[in-house]
Amino acid sequence: MTASVRRTRSGGLVVTGTVSPKLPGRVLWLRTDAVTPSAKTSAKNGRFTLRLARPRPGKYQALFIPSTPRAERGLSSRKTIR
């Protein structure tokens with residue numbers, strides 16, 4: 001699983017990524033020290049996009065939860081938001 005982060009001109013954040021193999025499922029954007037996800041979306045054709053208007057600084061990871069029971073979860077590398 002890959003995830004990349006970029007800032008928008010308004011100060012927001014756009015997270016895009018891919019899941020391999022291309023499976024449907026949910027993607028959660030998790031702060032490493034939080035209990036609830038900061039954002040969530042669904043993956044379609046192995047791709048996902050998250051938009052955050054006012055992201056908090058910290059370390060985050062994207063977690064993929066597949067909708068098929070025989071597939072495994074995926075976790076991206078940590079991304080730092082400043």
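Quick note: the coordinates plus some simple rules give every number you see, no bench work behind them. Every value quoted in this text rests on a predicted model; they were computed, and no experiment measured them. Neighbour counts run over all protein chains shown; Cβ positions are idealised from the backbone, glycine included.
Details
- Pairs of lysine residues in the chain that meet both criteria, 8 or more places apart or on different chains and Cα atoms under 18 Å apart, total 5.
- Computed lengthening from Thr8 to Arg54, 0.36 nm per intervening residue step minus Cα-Cα distance: 15.5 nm
- Spacing of the two label points (7 Å from each Cα toward its C-beta) at Lys44 and Ala71, in nm: 1.5 nm
- The convex hull of the Cα atoms of the chain, projected and averaged over all directions, covers 5.1 nm².
- Packing-based ranking, highest mean first, of 24-31, 9-16 given that Cβ atoms within 10 Å are counted: 24-31, 9-16
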